[in-house]
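Each remark here refers to the structure printed beneath this line.
The values are calculated or read from the model by the stated rules, or taken from the named source; none is laboratory data. Given the structure is predicted, the values throughout are model-derived calculations rather than measurements. Heads up: the accessible areas ignore ligands, DNA and RNA and are worked out on the full protein's heavy atoms, side chains in. Shrake-Rupley method; radii C 1.70, N 1.55, O 1.52, S 1.80 Å.
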Amino acid sequence: MIPQASSLEEIRQRRRQFVNHLYGLHAKLESGRQYQSAEARRDLALLRRSLAGGRQEADAYAVVFPYDPPVEEQQAWLLVAGLFALHPQPRPRTSPGPSGAQRPPSRSIGVSMRRLVERRSSAERRFLQLLGVDRTALPHYLRQAVQLLHTENIPLDYDRLLDDVVILMSEHHDPERAHRVRLTWARDFHRQIRDSSANVPAAPTV
């Protein structure tokens, strides 16, 4: 069943609130306040453990479910929460939108993986594998990719990642929408190659 427009907008707002909470964990971690830092470390450790699945997945419920994920999106939210815990970071800097309002730039994982390959050429194989896996194998390959991004301290847009993972892992899988997500990842990845070869300055870091 496809949500109505008003319902879809409300779901998107819930996603944004949830990702804001994840970014807030990083802010607490770096706050310098002992209680807040300890609380954030505890929650991030729970989220990391949840990636193991099984009973350990339950460790993440107290962090994720207060934001009321739609039933069909639960696994995507849990996965992105665990991935954030592997590679916590501050929210990307804002930039002016069409109306002049400040908004974070939206960048797919393809942009981040391109930056990774510029430092580790061997990571291109990981990205190609990520593009080709089905929805059941996606969590494993995303976890590998995010761990590599963490190693090189390359930022990742978690708002965009959650939107994309929701489509790729949907219980009502839509092959056409999933294909469009993968095409966007690939286009963003190769667009960076084109820009580099043309000596066009890279996009500002987020």
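Note that region 1-86 presents 55 Å² accessible area per residue, ligands and nucleic acids not counted, probe 1.4 Å. Accessible area per residue for region 115-174, computed on protein heavy atoms with a 1.4 Å probe, is 48 Å².
Taking V80, V71 and ordering them by how much accessible surface each has at a 1.4 Å probe, largest first, produces V71, V80.
The HN-Hα couplings worked out from phi for region 167-182 by the Karplus form 6.51 cos²θ - 1.76 cosθ + 1.60 (θ = phi - 60°) are 5, 5, 10, 4, 5, 9, 4, 10, x, 5, 5, 4, 5, 5, 4, 5 Hz, whole numbers, x standing for Gly and Pro. Please state the relative contact order of region 43-177 as a whole percent: Cα pairs under 8 Å, 6+ residues apart? Once divided by the residue count of region 43-177, the mean separation gives 27 percent.
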